[in-house]
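Just so it is clear, none of the values below were taken in a lab; they were calculated from the coordinates. This one's a predicted model, so the numbers in the text were calculated from it and none came from an experiment. Counting neighbours? That spans all protein chains shown, and the Cβs are built from the backbone with ideal geometry, glycine included.
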Ligand code: DC
């Protein structure tokens, strides 16, 4: 579908069919921003971090040693991960079990980066992520969306924020967990996510960098929506 015509009755360029890739480290505001942008523009939403978390939960639940990449790779084809893409009520299940709460546990937080670094896990989820995104009309968030999963996405955003701001946001999301421990945990995940051999966290070619430290969520959403509308109108670089 063309994305350069005004949406009927709005005077805004239509963002129908658009694919928006949003990457960044934990606590950069990715999830809230991605959901907000999707809701505002009437797009679907895919949280790829939740998919890696669901696989991690499954590995822990099945007694797999998450620090043994060969053991994880050997079982990577087994979990059946399904993501609901409504930005207002995103869901995640594995083997038919809703794991939305379980995937935010400390155990999963501690194990998700090593599990995500296993190429067989990435290959399986890459296929799923591309299948979901293939229909368009979607905001996809993660670490490697603009660089590896959807390198041709017309809108790419790389969100960052100061570590202290990121820890404060994550602690709030987690219901007031210890700030120092939260910051240490996310910085540790940053190191693993940015230095792994397969699809490390990087700012993708053509991605707009947005440091969210000084902005409210609504201001960040406004900026991403403006970028998407500029791309839809054909006047963004
Ligand atoms: O966004 P999040 O904190 O829920 O992501 C959890 C972990 O999943 C993160 O530490 C790295 C991994 N991840 C990834 O490797 N690639 C993605 N596209 C998304 C997440």
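Per-residue extension of 0.36 nm, minus the Cα-Cα distance of residue 78 and residue 104, leaves a gain of 7.2 nm for this segment. Computed on the Cα trace of region 107-237, the radius of gyration divided by the Kirkwood hydrodynamic radius gives Rg/Rh = 0.98.
Can you give me the angle between helix 217-233 and the longest principal axis of the chain, using Cα atoms only, in degrees from 0 to 90, rounded to the nearest 10? The angle comes out at about 60 degrees.
Using the Cβ-Cβ distance between residue 61 and residue 135 with R0 = 25 Å, the FRET efficiency computed as 1/(1 + (r/R0)^6) comes to roughly 0.25.
Build a GNM of the chain with springs between Cα atoms under 10 Å apart, and of 33, 182, 89 the one that fluctuates most is 89. Taken over region 142-200, the convex hull of the Cα atoms encloses 85 Å³ per residue. The relative contact order of the chain, computed from alpha carbon pairs under 8 Å that lie at least 6 residues apart in sequence, is 32 percent. Applying D = kT/(6 pi eta Rh) to region 134-173, where Rh is the Kirkwood radius over alpha-carbon pairs, T corresponds to 4 °C and eta to 1.567 mPa s, the Stokes-Einstein value obtained is 107 µm²/s. Peptides 147-154, 191-198 ranked from most to least packed, by the mean per-residue count of other Cβ atoms within 10 Å: 147-154, 191-198. The listed peptides 105-116, 41-52, ordered by packing as a protection proxy, come out as 41-52, 105-116 (highest mean of other Cβ atoms within 10 Å first). Would you mind checking the tilt of helix 119-133 against the longest principal axis of the Cα atoms of the chain, expressed as 0 to 90 degrees and rounded to 10? Value to nearest ten degrees: 30. Under 19 Å from a label point set 7 Å out along the Cα-to-Cβ vector of residue 39, the amide N atoms of region 203-219 belong to 215-219.
Kirkwood's formula applied to the C-alpha pairs of the chain gives a hydrodynamic radius of 18.1 angstrom. Computed from the alpha carbon positions, the gyration tensor of region 38-179 leads to an equivalent ellipsoid with semi-axes of 23, 20, 15 Å, biggest first. For region 75-130, a/c is not less than 1.5, where a ≥ b ≥ c are the root eigenvalues of the C-alpha gyration tensor, and a/b does not top b/c. That puts it in the oblate class. Build a GNM of the chain with springs between Cα atoms under 10 Å apart, and of 54, 214, 39 the one that fluctuates most is 214.
Ellipticity at 222 nm from helices only: DSSP H runs of n ≥ 4 in the chain, each -39500 (n - 2.57), divided by the residue count, give -14000 deg cm²/dmol.
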